[in-house]
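Chemist: Sharing a structure here in structure tokens format.
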Amino acid sequence: MSLPTRDACAALDAVDPLAPLRAAFDLDAADARGEIYLDGNSLGPLPRATPARVRQVLHDEWGRDLIGSWNTAGWITLPQRIGDKIARLVGAGAGELVVADSTSVNLYKALATAMTLVAAGAPPARRTIVSERTNFPTDLYIATAAAGERGFSVRLEDAGGLASAIGEDTAIVMLTHVNYRTGHMHDMAAVTRVAHAAGALVVWDLAHSAGAVPVALAGGGDPASAADFAVGCGYKYLNGGPGAPAFIWVHPRHTARMDAEGWRQPLAGWLGHASPFAFATDYQPGPGITRFICGTPPIVSLAALECGVDTVLAAEPFGGLDAIRRKSLALTDLFLALVDARGAGRGLAVVTPRDHATRGSQVSLAHETGGHAIVRALVARGVIGDFRAPDILRFGFAPLYTRFVDVWDAVDRLAHVLDSGEWREARFAVRDAVT
Ligand SMILES: Cc1ncc(COP(=O)(O)O)c(C=O)c1O
């Protein structure tokens, strides 16, 4: 394949059906600085609709209407309303998913509930949570803590060893669908089937999937591959803003059982109660997924999150997540081809799988020196990616606003940074608190 020119990339942008969606984001300052934003897998950019909506919440709903807005502005049902929108992006049904807390907290609720479900029906030998050694640290920390509280243990494997590690002692398989370091994507349906065949439940972290790749939590027409629990982030591909609330989904078969048997999740707060404003002394879980809400929702942040989710839903008339996925693969294929050609022999290795079926929406590179200084030099040259210790240079390709020319320009600047050796300058050796 001959290497695409910048003009060829501009031609791809000219016929890109998703191109108009870039206008939904305020990238003006980044554009004025000549920056290419390849970090939407860590923090999505500001949607243009967000400031006006947040101002409305502050001035009209809070400032003018005060506490009445819990009813008149529908604040109290925002976790469900936005949850229904996110459900459309992850293959879940309306009423099955709520926005609440952080991903870490939701993971605790999901894992603890899954452990309770298993402990209620399985032999005492089934007490292991299987996960991936390179899973995101919060997932491993939360799993270890929650398991320790309940007499369970955590077994960590490399991605290749997962299937053989799942067996009679496995209570839960807990995985992040797209690995934050490598960009490797699990086959959700296949892993779920293996886990279920072994009698285990599956908990998925969709932090790097929701809004970026099609997800079929309910099995997508094949109930046998429906997952059990899922959590995910609001501030990455959902563009909800820094620290945006997260989400949690539980398969209706489990919430139906929880309803029937009156079970709570471990963080049984008042807004997950069946009648919070009865102010009863005893806890009665709310129906279905409602019980997974704990305390008062952060309304200003929820308003911003809704604007972010709407930027992804805006792709529905253009083919939705299938179109997003097609463009994501085209962008990452282009990046890989250009890096192969222009980064060759400069100490770079591609970490992300080349196979479409196992690639998320990011590309990770490794460099023989570690790579932190290269990321910093790239940022100074206006290519915003990030560094994941000890050796990953990470570039996210969010199809709603990333153009093919951005990919070309990013690799052009990467080649310059490597060829000139400017990344060796002392100023790029400094490490900030957040990399
Ligand atoms: C896979 C994964 N899970 C969870 C988180 C973060 O969770 P929290 O929002 O609780 O900080 C991240 C953050 O990057 C992540 O990559």
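The values are calculated or read from the model by the stated rules, or taken from the named source; none is laboratory data. From a predicted model like this one, the values you see are computed outputs, not experimental measurements. Here the Cβ positions follow ideal geometry from the backbone for every residue, glycine too, while neighbour counts run over all protein chains shown. The accessibility values were calculated without ligands, DNA or RNA, using every heavy atom of the protein model including side chains. Shrake-Rupley method; radii C 1.70, N 1.55, O 1.52, S 1.80 Å.
Chemist: Can you bin segment 5-109 into rounded, prolate or oblate? Criterion: square roots of the alpha carbon gyration tensor eigenvalues sorted a ≥ b ≥ c, rounded for a/c under 1.5, prolate for a/b above b/c, oblate for the rest.
Modeler: On the way: a/c = 2.38, a/b = 1.62, b/c = 1.47.
Because a/c hits 1.5 or more and a/b exceeds b/c, segment 5-109 counts as prolate.
Chemist: To continue, here is another question. Could you order Ile82, Ile76, Ile67 by accessible surface area, starting with the largest, using a probe radius of 1.4 Å?
Modeler: Details: Ile82 0, Ile76 65, Ile67 135 Å².
Largest accessible area first, the list is Ile67, Ile76, Ile82.
Chemist: If DNA, RNA and ligands are ignored and the probe is 1.4 Å, what is the ranking of Arg257, Arg359, Arg55 by accessible area, most exposed first? Mind dumping the intermediate values first?
Modeler: Details: Arg257 80, Arg359 0, Arg55 130 Å².
Accessible-area ranking of Arg257, Arg359, Arg55, largest first: Arg55, Arg257, Arg359.
Chemist: Rounded, prolate or oblate, given the Cα gyration tensor of segment 192-332, with a/c below 1.5 counting as rounded? Working shown, then result.
Modeler: Values: a/c = 2.63, a/b = 1.33, b/c = 1.98.
Oblate.
Chemist: Oh, and also: By accessible area of protein heavy atoms, probe 1.4 Å, what ranking do Glu157, Glu316 get, highest first? Mind dumping the intermediate values first?
Modeler: Numbers: Glu157 35, Glu316 85 Å².
From most exposed to least exposed: Glu316, Glu157.
Chemist: Could I ask something else about it? Roughly how many Å² is the accessible area per residue of segment 1-40, as a whole number, for a 1.4 Å probe?
Modeler: Numbers: 2250 Å² over 40 residues.
Per-residue accessible area for segment 1-40 comes out at 56 Å².
Chemist: Taking amide H atoms as placed 1.01 Å from N in the peptide plane, list the residues 5 or more away in sequence, or in a different chain, whose amide H sits under 5 Å from that of Ala207.
Modeler: His177, Cys233
Chemist: If eta is 0.692 mPa s and T is 37 °C, what Stokes-Einstein diffusion coefficient results for segment 281-391, Kirkwood Rh from Cα pairs, in µm²/s?
Modeler: Using the Kirkwood radius from Cα pairs, D works out to 182 µm²/s.
Chemist: So, one more: First obtain the Kirkwood hydrodynamic radius of the chain from its Cα pairs, then insert it into the Stokes-Einstein equation at 37 °C and 0.692 mPa s, and state the resulting D in µm² per second as a whole number. Walk me through the numbers before you get to the answer.
Modeler: Details: Rh = 22.7 Å.
D = 145 µm²/s.
Chemist: First measure r as the distance between the Cβ atoms of Ser164 and Arg326, then evaluate 1/(1 + (r/R0)^6) with R0 = 35 Å and state the FRET efficiency to the nearest 0.05.
Modeler: Working: r = 34 Å, r/R0 = 0.96.
Efficiency for this residue pair is about 0.55.
Chemist: Something else now. How far apart, in nanometres, would the label points at Val15 and Thr435 be if each is projected 7 angstrom from Cα along the Cα-to-Cβ direction?
Modeler: Inter-label distance under the simple model: 4.2 nm.
Chemist: Quick check: pseudo-label points 7 Å beyond the Cα along Cα→Cβ at His356 and Ala274, how many nm apart are they?
Modeler: Output for this residue pair reads 5.0 nm.
Chemist: OK, next. Given only helices, namely DSSP H runs of n ≥ 4 each adding -39500 (n - 2.57), what is the per-residue ellipticity at 222 nm of the chain, to the nearest 500 deg cm²/dmol? Don't jump to the answer; show the numbers that get you there.
Modeler: On the way: 14 runs with 158 residues, N = 435.
After summing the helix terms and dividing by the residues of the chain, the value is -11000 deg cm²/dmol.
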